[in-house]
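Participant: Input: one structure, supplied below.
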Amino acid sequence: MAALTEDDPVQLVEDAEEAKEEPQQPRKRRNRWGQEPEAPPVAPDALVLAPMGGDALAMAPSGMYGLAAPGGAPLDLSAAASAARDALEKAKRAAMVQRQIQEQMSKLKSQGLAAGFLPGEGPKARKLILDEFGRELDEEGNVVPLKAQVVSTLKINQNREKDAKVQKLLGVKKDGIDESYVDPSLRTNQRTDRPRRRTFRFLEQGALVAKEQSIVKRLQEKASGEKEKEDKKKGKKEEKKEDKKEEEERVEVRKIEPKITRRDPVPDVEWWDLPFLKEDVNGQKKAYTEVNVEKITPYVEHPIPIKITTEKEVAEASMMHLTPKERKKLRRLKRQERTQEIRDKIKMGILQPPPPKVKMSNLMRVLGDEAIADPSTVERKVRSQVEQRRKEHEQRNEARKLPAEERKAKKKQKWLAEGEPTTQVLAFKLKDLSNKRHLFKIDMNAQQFHLTGACIVCPGVANLVIVEGGPRAIKRYKKLMLRRIKWTEDQKDDDDDDDDDDNEEVTAPKLQDHCTLIWEGVVKNKNFKNWKVTHARSEQEARKTLSDRGAEHYWEMLARFRDGRLDI
């Protein structure tokens with residue numbers, strides 16, 4: 001059978017027909033399991049499954065359509081039919097491309113005929129005309145404007161330009177969106193160009209001052225009711241502004257003129273020469289040629305330096321607050337420096353070395369043989385030295401102590417806390433103040449802590465204690481009232497007798513309401529100037545005492561107060 005080639009498709013068809021009429025008998029093969037079963041006969045109408053074409057036959061594999069492979073075995077006809085269909089599609093696609101090319105060529109020919117060219121001719125190149133400066137001219141002699149062509153050197157920019165040209169030719173819009181289907185009334189996220197960078201805008205001298213003056217003048221006119229007059233003058237001002245704008249447009253460049261400053265005329269005699277000239281009878285100075293020789297001395301006069309007020313004084317550094325651990329460390333380092341300085345002076349011979357510090361514990365080690373010879377005398381000396389060192393130590397401590405007045409003022413300053421911007425207040429409700437010791441403790445501690453306020457004792461009605469002061473004093477006084485004072489010390493004996501009688505009954509512990517804190521807060525200004533204990537006979541008298549000092553609201557707090565522990 002003839003070989004299959006792409007150049008002779010007719011021969012391929014004839015060979016296929018001969019193979020259909022006289023099929024070859026395949027050689028029987030035997031395997032290890034027995035004789036191979038016979039293949040089913042090929043249908044003669046299999047070739048009609050797909051249309052035959054030159055390209056299809058050329059691209060079809062050898063042995064299809066009932067043709068035997070080189071090995072002699074027949075191939076599958078379904079694969080051959082699919083290959084024929086693919087070849088037919090490719091042929092149709094190539095024919096469509098050829099038809100498009102022919103249409104474009106015909107369009108170009110028709111455009112050439114419309115422009116006045118013959119069928120065999122095309123547009124001719126225009127003559128290049130240049131002037132003396134090398135610029136291109138058209139046939140009428142006008143300069144042809146040239147556009148700068150940007151040439152991209154990066155591969156990515158070249159690819160972008162190619163894509164843009166292809167999209168332009170195909171009629172594809174930017175971002176693949178056809179503008180005919182876009183509603184311009186809808187808001188979309190559109191990319192905006194980067195705004196131009198602002199340049200410097202210089203102001204003329206006095207522009208801000210004039211603006212400020214105009215604002216002040218406008219406010220004054222508005223306040224005085226001169227708004228109507230200003231409206232009438234607006235027309236004239238607008239005309240003046242337009243004239244000024246026209247003048248500024250005319251003047252393109254402003255000349256820089258130097259500033260002319262007026263100077264005082266040069267006097268005949270300077271002020272520093274006047275003391276050395278002789279005076280006239282009328283008290284006026286004579287000509288500077290007459291010098292008063294008596295004023296001239298061999299001494300040099302130094303002028304008094306003038307303090308410059310423009311320099312800012314250096315602010316004093318604020319005191320640094322250290323932690324207790326840092327203060328101890330700083331104190332230890334300073335003591336080591338002082339000790340080392342004394343040792344260095346002793347080494348240089350400036351100071352005499354101190355005598356050995358003898359104590360009863362190191363007596364034998366320091367003195368040695370002398371202590372053995374006369375132990376009683378040595379012991380007496382050592383004891384006198386120890387006593388002398390103790391007295392010197394006490395004297396140094398006394399010298400370092402502050403005087404009694406300064407110490408008292410320092411302690412008072414500690415409790416007052418005058419630097420605080422606010423004042424803390426406590427208000428206590430007392431159940432009973434019949435015990436004089438309790439009243440004494442309340443009074444004395446308030447005085448010692450330098451607190452202000454009042455203690456109002458009103459038997460049968462209520463007892464109220466109000467204190468004002470600094471945070472440290474208020475903290476101590478609150479601890480005194482709620483913890484330290486034993487309000488039930490007089491009732492202890494009575495409670496013991498009651499417990500002996502009622503040993504069998506078990507009851508809940510009683511509520512300790514002898515002293516209750518009804519309010520704790522901060523006020524801006526104090527209501528009381530000092531501390532005072534007041535005994536009131538009735539509620540009206542107690543209210544009057546507080547109202548005189550502007551603190552009647554504390555009694556209202558006492559009347560409305562209810563202990564929350566009662567609800568538990």
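The values are calculated or read from the model by the stated rules, or taken from the named source; none is laboratory data. Everything quoted here is computed from the prediction, not taken from an experiment. For neighbour counting, all protein chains shown are included, and Cβ atoms are generated from backbone atoms with ideal geometry for every residue, glycine included. To get the accessible areas, we keep the full protein, side chains included, count just its heavy atoms, and leave off ligands, DNA and RNA. Shrake-Rupley method; radii C 1.70, N 1.55, O 1.52, S 1.80 Å.
Participant: Please find, within region 339-367, the residue that is modelled with the highest pLDDT out of those that are among the β-branched types (Val, Ile, Thr) and within 21 Å of Val378 (Cβ to Cβ).
Facilitator: Just the residues of region 339-367 that are among the β-branched types (Val, Ile, Thr), to begin with: 339, 342, 346, 350, 358, 366.
Pick out the ones that are also within 21 Å of Val378 (Cβ to Cβ) and you get 358, 366.
Details: Val358: 87, Val366: 82.
Across region 339-367, the extreme among qualifying residues is Val358.
Participant: Here is a check on your reading of the model: is Ile372 surrounded by 12 or more Cβ atoms within 10 Å (Cβ to Cβ) and free of Cβ contacts under 8 Å to residues at least 12 places away in the same chain? Outline the logic, then answer.
Facilitator: On the way: surrounded by 12 or more Cβ atoms within 10 Å (Cβ to Cβ): no; free of Cβ contacts under 8 Å to residues at least 12 places away in the same chain: yes.
So Ile372 fails the test.
Participant: May I pose another question? Of all residues in region 401-420, which are open to solvent by 100 Å² or more (accessible area, probe 1.4 Å) and more than 51 Å from the chain's Cα centre (by Cα)?
Facilitator: Lys401, Glu405
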